[in-house]
Amino acid sequence: DQQVKQNSPSLSVQEGRISILNCDYTNSMFDYFLWYKKYPAEGPTFLISISSIKDKNEDGRFTVFLNKSAKHLSLHIVPSQPGDSAVYFCAASAGGTSYGKLTFGQGTILTVHP
Amino acid sequence: NAGVTQTPKFRILKIGQSMTLQCTQDMNHNYMYWYRQDPGMGLKLIYYSVGAGITDKGEVPNGYNVSRSTTEDFPLRLELAAPSQTSVYFCASSYGVEGTLHFGNGTRLTVT
């Protein structure tokens, strides 16, 4: 039973346009959500997070939106740059002492074309 | 500042062999984790530790053991390697329970 799902294995966008990566979850106990970015042969690196008490969090070109009623979150990258090409993982935790015990989605490969 | 360092980068094991994946961090983080990533899948938590001498199981602990004798080191032991343990293993650390995870670059393990 996959509790965090990224239904799009890949996404291709043109440089300068918006990239939208989606993530759905099923566990109502999740209250903290994160996006990690991963380049080949490297470990994931933290990108942005959002607590369930918010519906939006912004950091430069990256914005994460959370829709708790739909159990859906999305990552918007505006404008997209070729260096953003990577695998993006959505992750969730149930809070409390479980913050570091993340449940990951399968990842979405983002390709940004010059 | 090296962050989280994992060794080796690659390893091929025969079925039934054992090995230890090394992980060390120089950020004085209390929390450390082992995740594995199978092809086309997300990362799954194997074991975690909240401090020296304290470890606990994650989602997929079978076939693995860990120890945490120091704050810096968190080795993962595979006994009797099986093909199902072919995966990429990532070690991570965080300062506190709410801290974001810092990952190492992974160990790619193949069991044949």
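The values are calculated or read from the model by the stated rules, or taken from the named source; none is laboratory data. Because the structure is predicted, anything quoted here is derived from the model rather than measured. FYI the Cβ positions are ideal-geometry reconstructions off the backbone, even for glycines, and counts take in every protein chain you see. Each accessible area value is taken on the protein alone, full model and side chains, heavy atoms only, with ligands, DNA and RNA left out. Shrake-Rupley method; radii C 1.70, N 1.55, O 1.52, S 1.80 Å.
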**Loop-resident sites, segment B:13-112, for trypsin sites (Lys or Arg not before Pro), counting at most 13 other Cβ within 10 Å (DSSP)** = B:LYS14
**Message:** Once ligands and nucleic acids are excluded and a 1.4 Å probe is used, how much of A:HIS113 is accessible, expressed in Å² to the nearest 10?
**Reply:** 80
**Asked** On the first, second and third principal axes, largest extent first, how far apart are the outermost C-alpha atoms of the protein assembly as shown in Å?
**Response** 49, 38, 36
**Item:** When each of A:LYS5/A:LYS68; A:LYS38/B:LYS44; A:LYS37/B:LYS9; A:LYS5/B:LYS44 is checked by Cα-Cα distance, pairs over 18 Å
**Value:** A:LYS37/B:LYS9
